[in-house]
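Chemist: Below is a structure I'd like to ask you about.
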Amino acid sequence: MTTSMPQRSTSKCDHASVCLSSSPHAAVAGFRRQGQRQRLAATKADNQSFSREDKLFLEEDTRAFPAPLLLPGDDLAGDPEDSQSFQEWLGGEHRNPVTAKQKTVYVVPSPRIDASVDFMRTWTTPKYPGHELSTSPPSTKDVQDYLTAFYHGLPVKMMPPSTLQFIPWEETKRRPRKQTGQQYLGLKSGDECVRIRSRTLSNGVYEGQVNLEDLLDAAISILPKDAYALLMLVDFDLYEDDDDEFVCGRAYGGSRVAVVSSARYNPRLDTIQSVERLHAWPASHCEKYMSACASVEPNAKRQKRSQVHSRQSQNSTLELIGPVKDAVSVYRSLPEVDSSPSLLSALWLGRVCRTASHELGHCFGIAHCVYYACSMQGTASIREDARQPPYLCPVDLAKLLCAASTSASRRYRALLAFCERPSNSDTHFFGPFATWIRSRLGQIEDST
């Protein structure tokens, strides 16, 4: 079911106060967050210890790690999920341990397109013209570099662009087609070729889409022996079943493979997809915006919401010093994102980096997060994707530090170096993230 949401505004919001609690809609949706004692316990596991400094990074601080936003239509509002503590992750029967022989994360560029299926080249350009400046799609190398920092401690390698190639698929037997527009493609890897479903759409945002499940199966077939996980990054639109409009990505965590599409993150599509660009992370914590979203609900719920809101207000002010406040302050100072092609291109890259790191997280056995606003939260829409933060909360950070055998400080500094690249530093995703990291590092330094 689609929920009406405030449309993207062209006027600049001052984001004068931020809310570090869940939105008033949380009570309406019946979401009950784990208590502080449970959240603190969730970062610990039997027979697993961290250095004194890492323990400081794993402590709860609401100024750095707010509660999940939980706006109408969000994933947690529609289908609350079970929590996964560090202990539960460590003992998970489907989790694959990182070993000396299997520790490399591979990134696979979008398959090449053979001249015989040249029609596929039009599938990477949306039919909707938009009104944006020219933007550059995310570079696979840039995504690889981001993942190298995000999963610091593990090698992240790119497979050669020639690894996969789309070619025609010739059926030996005629098969009945389930729907109009469905066709088959061949995906060639070395001497082998697998069948991939695809479909053309007369009324779609893109002229054609490729089946995600078939690509995941293909990813399993090319998984190198030394791979811990493999991410296939594609530039065309995806679907899973006949009733899907689209899907951005998915992971087969137990099989250690993931596929992510950059197509729907194109800023040119923000208007038709109702993406609230003005209140993307970190401005998604703007109290005015959260209240406006919650007010969409029926009047019968208003009294309950107002009671929650009064409690939130005690924890809602830009005067609070901390990583979220600092990130919002930087976000406020940036020019309009559609004022520059480079800003739009960096926004596109940031969106893909966040989703790529999220889907690979599932390959590490990390479930969707319900403890905090966190990069591992589940999302129910493109709109919600834009509001999700790029950082890992303390619970999921504990899991990653254990898996990658790294330290929080070294990992954060690697991410900071990426965010401070000249092409990233003053942009709407990486600029605030760099500020958040510096502020978080400063908190820990002040504690030692």
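Chemist: Rounded to whole Hz and in sequence order, give me ³J(HN,Hα) for the range 440-447 from the Karplus expression 6.51 cos²θ - 1.76 cosθ + 1.60, θ = phi - 60°, writing x for Gly and Pro.
Modeler: 5, 4, x, 4, 5, 4, 5, 8
Chemist: Could you work out how much longer the chain between Ser340 and Asp244 gets when fully extended? Use 0.36 nm per residue separation minus the Cα distance between them, nm to one decimal.
Modeler: On the way: separation 96, 0.36 × 96 = 34.56 nm, distance 3.35 nm.
Length gained, Ser340 through Asp244: 31.2 nm.
Chemist: Out of these labelled values of percent of Cα pairs over 30 Å apart, (1) 48; (2) 44; (3) 51, which was calculated from the coordinates shown here?
Modeler: Only one option fits the structure, namely (2).
Chemist: Another question about this same structure. Can you compute the charge dipole magnitude of the chain about its Cα centre, using +1 on each Lys and Arg Cβ and -1 on each Asp and Glu Cβ, nothing else charged? Give it in debye, rounded to the nearest 20.
Modeler: Numbers: 52 positive and 52 negative charges, 92 e Å.
The calculated dipole for the chain is roughly 440 debye.
Chemist: Something else: Measure nothing but the geometry: give the 0 to 90° angle between the long axis through the Cα atoms of 302-313 and the longest principal axis through the Cα atoms of the chain, rounded to 10°.
Modeler: For helix 302-313, the angle is close to 70 degrees.
Chemist: In terms of solvent-accessible area of protein heavy atoms at a 1.4 angstrom probe, what is the ranking of Thr135, Thr448, highest value first? Intermediate results must be reported in sequence, preceding the final value.
Modeler: Values: Thr135 30, Thr448 100 Å².
The most accessible residue leads, giving Thr448, Thr135.
Chemist: Okay, next question. What spacing in nm lies between the two simple spin-label points modelled at Asp226 and Asn203, each 7 Å away from Cα in the Cβ direction?
Modeler: Spacing of the two 7 Å Cα→Cβ label points: 5.1 nm.
Chemist: Could you tell me the center-to-center distance, by alpha carbons, between the range 429-448 and the range 361-388 in angstrom?
Modeler: Value for the Cα centre distance between the two parts: 21 Å.
Chemist: Also, quick follow-up: Which FRET efficiency, nearest 0.05, do Ala292 and Gln48 yield, Cβ-Cβ r, R0 41 Å? Can you show the working numbers first?
Modeler: Numbers: r = 43 Å, r/R0 = 1.04.
Here the calculated transfer efficiency is 0.45.
Chemist: Per-residue accessible area for Glu245 at 1.4 Å probe radius, Å² rounded to 10?
Modeler: Spelled out: Glu245, probe radius 1.4 Å, area about 120 Å².
Chemist: Using amide H atoms built in the peptide plane, which far-off residues or other-chain residues are under 5 Å from Leu58 H to H?
Modeler: none
Chemist: Now for a different question. Which percent of the accessible area of the range 392-448 is formed by carbon and sulfur heavy atoms (probe 1.4 angstrom)?
Modeler: Details: 850 of 1830 Å².
Answer for the range 392-448 is 47 percent, counting heavy atoms of protein chains only.
Chemist: Continuing with the same structure: Treating the angle as unsigned and between 0 and 90°, give the value, to the nearest 10°, between the Cα long axis of helix 140-150 and the longest Cα principal axis of the chain.
Modeler: Value to nearest ten degrees: 40.
Chemist: Also: Which percent of the accessible area of the range 14-96 is formed by carbon and sulfur heavy atoms (probe 1.4 angstrom)? Can you show the working numbers first?
Modeler: Numbers: 1650 of 4170 Å².
Within the range 14-96, the accessible surface is 40 percent carbon and sulfur.
Chemist: What full-extension length gain, to one decimal in nm, is calculated for Ser139 and Ser447 as 0.36 nm per residue of separation minus the Cα-Cα distance?
Modeler: Values: separation 308, 0.36 × 308 = 110.88 nm, distance 3.83 nm.
Full-extension gain reported as 107.0 nm.
Chemist: Still on this structure: Could you state the number of Å between the C-alpha centres of the range 64-123 and the range 189-257?
Modeler: Taking the Cα centre of the range 64-123 as reference, the centre of the range 189-257 is 13 Å away.
Chemist: Between Arg37 and Glu81, what's the calculated FRET efficiency when r is the beta-carbon distance and R0 is 25 Å? Round to 0.05. Please list the in-between numbers first.
Modeler: On the way: r = 20 Å, r/R0 = 0.81.
Between Arg37 and Glu81 the formula returns 0.80.
Chemist: Next question, about the same structure. Quick one: accessible area per residue over the chain, 1.4 Å probe, rounded to a whole number of Å²?
Modeler: Values: 19350 Å² over 448 residues.
Ligands and nucleic acids excluded, the figure is 43 Å² per residue.
Chemist: Looking at the chain, which Cys residues are left with no other cysteine's beta carbon under 4.7 Å from theirs?
Modeler: Unpaired cysteines in the chain: Cys13, Cys19, Cys193, Cys248, Cys286, Cys293, Cys353, Cys363, Cys402, Cys419.
Chemist: Let me ask something else about it. With the crude spin-label approximation of a point 7 Å out along Cα→Cβ, what separation in nm comes out for Glu420 versus Glu192?
Modeler: 4.4 nm
Chemist: Quick check: the angle from helix 408-419's long axis to the longest principal axis of the chain, C-alpha only, nearest 10 degrees?
Modeler: Relative to the chain, helix 408-419 is tipped by roughly 60 degrees.
Chemist: Let me ask another. Considering only Ala29, Gln443, Ala251, whose Cα is most displaced toward the positive end of the charge dipole of the chain, charges sitting on Cβ of Lys, Arg (+1) and Asp, Glu (-1)?
Modeler: Gln443
Chemist: Here's another thing I want to ask about it. From the residues Ala64, Ser189, Ala115, which one has its Cα farthest along the dipole of the chain in the positive direction, the dipole being from +1 and -1 charges on Cβ of Lys/Arg and Asp/Glu about the Cα centre?
Modeler: So the residue we want is Ala64.
The values are calculated or read from the model by the stated rules, or taken from the named source; none is laboratory data. Computed from a prediction, not measured in an experiment: that's the story for all the values here. Positions of Cβ are generated from backbone atoms using ideal geometry, with glycine treated the same way; all protein chains shown enter the neighbour counts. Note: areas computed on protein heavy atoms with side chains; ligands, DNA, RNA excluded. Shrake-Rupley method; radii C 1.70, N 1.55, O 1.52, S 1.80 Å.
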